[in-house]
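A.B. asks: Can you read through this structure? Questions will come right after.
Just so it is clear, none of the values below were taken in a lab; they were calculated from the coordinates. If you're wondering where the values come from, they're calculated on a predicted model, not measured in any experiment. Counting neighbours? That spans all protein chains shown, and the Cβs are built from the backbone with ideal geometry, glycine included.
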Amino acid sequence: MRVAVLGTGLIGTSVALALRERGASVWLADADPESARLAAHLGAGELLPDTLLSDDGAPLRADVAVIAVPPAAVADTLAAAQDRALAACYTDVASVKQLPVEQARARGADLASYVPGHPLAGREKHGPAAARADLFLGRTWALCPEPETSEEAVAAVTALVTACGAVPMRIAAVAHDRWVALVSHAPHLVAAAMAARLESAPPQALDLAGQGLRDVTRIAAGDTGLWTQILAANAGPVAEVLAAVAADLAEAARMLTDGDPKSVAALLEVGQAGAGKIPGKHGGEPREFTVVQVVIPDQPGELTRLFDAAGQAGVNIEDVRIEHSPGLPVGIAELSVRPAEAGPLLDALEAGGWPVRR
């Protein structure tokens, strides 16, 4: 597969790294040449030349061009790439779909060769240095072909998605934007609103911060400029979700103010039920796991040694998180395992001298 990646931020460079691991030829371009050069130094591919030529000097084009630019720039980038016949087909990775499609249609772009796409993966960090080849493993990658889109283009982009380790999901653009407002865009604003409460918090309050606060506010560290574009492009659906969340929170505040804290339990219970519906590992049904807590020294090699101990016990660690102990050179590693494996893991770790909590 020959792929041109236009935009070497987190997602574009991660796509390139994933494809390079599978032997694809990748060319890189970015409005910021330094970003493209850094991605190339990371092993993501070669810089895109002005003219693509084969070894014998014949004109060459990519099989797929991946447009990894902010939503408002997708249509212009697509049109420019099609004007130079850069690839046989094109896709993008913007987290909204209706805006790029409408703008591409208005520009007179060839929609037959264009497959709007969106990988449901990312990090709170940005730029090529934050890219990872495994970013898309097991993650859903939405594909939103229009009526004009050819099945040949859909097949080529689906092959690219699969090569990145993702799971392709075909969905209409309007439905995509409605649902990402619920599962991605509104949560980002909710996290930002909570994080904003911390900006003027006294140091003593922040000294009490635990993992719960970090979990709630982690994504608030995302790229402000990019997120402003995303939210503006999907404003209607996001506003609907935020209004519903705000109403729930306002009702909870009223109950607490009225001295009726027990009534808040209804919201907590519905929230618990909703959290239980989030797909589990690899996108499958949520599973029940048991958390095994282990005291781990905060020094090099200890986490590797802990994982080795679990492996020798024949136990698969499904998930892991570390609670750091303020002021102490240790932390608590919380290992999520299947319930039947918790006992054997505890026995093995205890036998190996690890302090565990039963």
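A.B. asks: Which order, highest average first, do 220-227, 66-73, 231-238 follow once you tally other Cβ atoms within 10 Å for each residue and take the mean per peptide?
C.D. replies: 66-73, 231-238, 220-227
A.B. asks: Taking the Cα centre of the stretch 2-171 as origin, work out the dipole magnitude from +1 charges on Lys and Arg Cβ and -1 charges on Asp and Glu Cβ, in debye rounded to 20. Display every interim value, and only then the final one.
C.D. replies: Numbers: 14 positive and 20 negative charges, 104 e Å.
In debye, rounded to 20, the stretch 2-171 gives about 500.
A.B. asks: Assuming 0.36 nm per residue, please report the length gained on full extension of the stretch residue 213 to residue 357 beyond their Cα-Cα distance.
C.D. replies: Full extension from residue 213 to residue 357 adds 49.5 nm.
A.B. asks: Show me the ranking of peptides 123-132, 12-21, 95-104 by mean Cβ neighbours inside 10 Å, starting with the highest.
C.D. replies: Details: 123-132: 17.0, 12-21: 25.3, 95-104: 22.9.
Averaged packing, sorted descending, gives the order 12-21, 95-104, 123-132.
A.B. asks: Summing -39500 (n - 2.57) over the DSSP H runs of n ≥ 4 in the chain and dividing by its residue number, what mean residue ellipticity at 222 nm do you reach, to the nearest 500 deg cm²/dmol? Please list the in-between numbers first.
C.D. replies: Values: 14 runs with 153 residues, N = 358.
Result for the chain: -13000 deg cm²/dmol, rounded to the nearest 500.
A.B. asks: Select from 131, 340, 239 the residue farthest towards the positive end of the dipole of the chain; place +1 on Cβ of Lys and Arg, -1 on Cβ of Asp and Glu, and compute about the Cα centre.
C.D. replies: 340
A.B. asks: Treating the angle as unsigned and between 0 and 90°, give the value, to the nearest 10°, between the Cα long axis of helix 339-351 and the longest Cα principal axis of the chain.
C.D. replies: Helix 339-351 sits roughly 70 degrees off the main axis of the chain.
A.B. asks: Would you mind classifying the stretch 177-276 by shape? Square roots of the alpha carbon gyration tensor eigenvalues, ordered a ≥ b ≥ c; an a/c under 1.5 is rounded, otherwise it is prolate if a/b is larger than b/c and oblate if not. Working shown, then result.
C.D. replies: Details: a/c = 1.92, a/b = 1.17, b/c = 1.65.
Taking the square roots of the gyration eigenvalues as a ≥ b ≥ c, the stretch 177-276 is oblate.
A.B. asks: Dipole magnitude of the chain about its Cα centre, charges +1 at Lys/Arg Cβ and -1 at Asp/Glu Cβ only, in debye to the nearest 20?
C.D. replies: With Lys and Arg at +1 and Asp and Glu at -1, about 260 debye.
A.B. asks: With a 10 Å radius around each residue's Cβ, average the other Cβ atoms per peptide and rank 268-275, 150-157, highest first.
C.D. replies: Most protected by this proxy first, the peptides run 150-157, 268-275.
A.B. asks: Here is a follow-up. Looking only at the chain, where both bridge partners belong to it, what percent of the DSSP beta bridges are antiparallel (to the nearest 5)? It would help to have the intermediate numbers written out before the result.
C.D. replies: Working: 20 of 42 bridges.
Counting only bridges with both partners in the chain, antiparallel ones make up about 50 percent.
A.B. asks: Here's a follow-up. If you scale each eigenvalue of the Cα gyration tensor by 5 and take the root, what three semi-axes come out for the chain, rounded to whole angstrom and sorted largest first?
C.D. replies: Gyration-tensor ellipsoid for the chain: 40, 28, 19 Å.
A.B. asks: Once a ≥ b ≥ c are taken as the square roots of the eigenvalues of the Cα gyration tensor of the stretch 2-171, is the result rounded (a/c under 1.5), prolate (a/b larger than b/c) or oblate (a/b not larger than b/c)?
C.D. replies: Note, shape of the stretch 2-171 comes out rounded.
A.B. asks: Using a basic spin-label model with each label point 7 Å from the Cα along Cα→Cβ, how many nm lie between residue 295 and residue 323?
C.D. replies: The modelled label-to-label distance comes out at 1.4 nm.
A.B. asks: Just how large is the dipole of the stretch 104-210 about the Cα centre, in debye to the nearest 20, putting +1 at every Lys and Arg Cβ and -1 at every Asp and Glu Cβ? Could the numbers behind the result be given before it?
C.D. replies: Working: 9 positive and 10 negative charges, 39 e Å.
Dipole of the stretch 104-210, to the nearest 20 debye: 180 debye.
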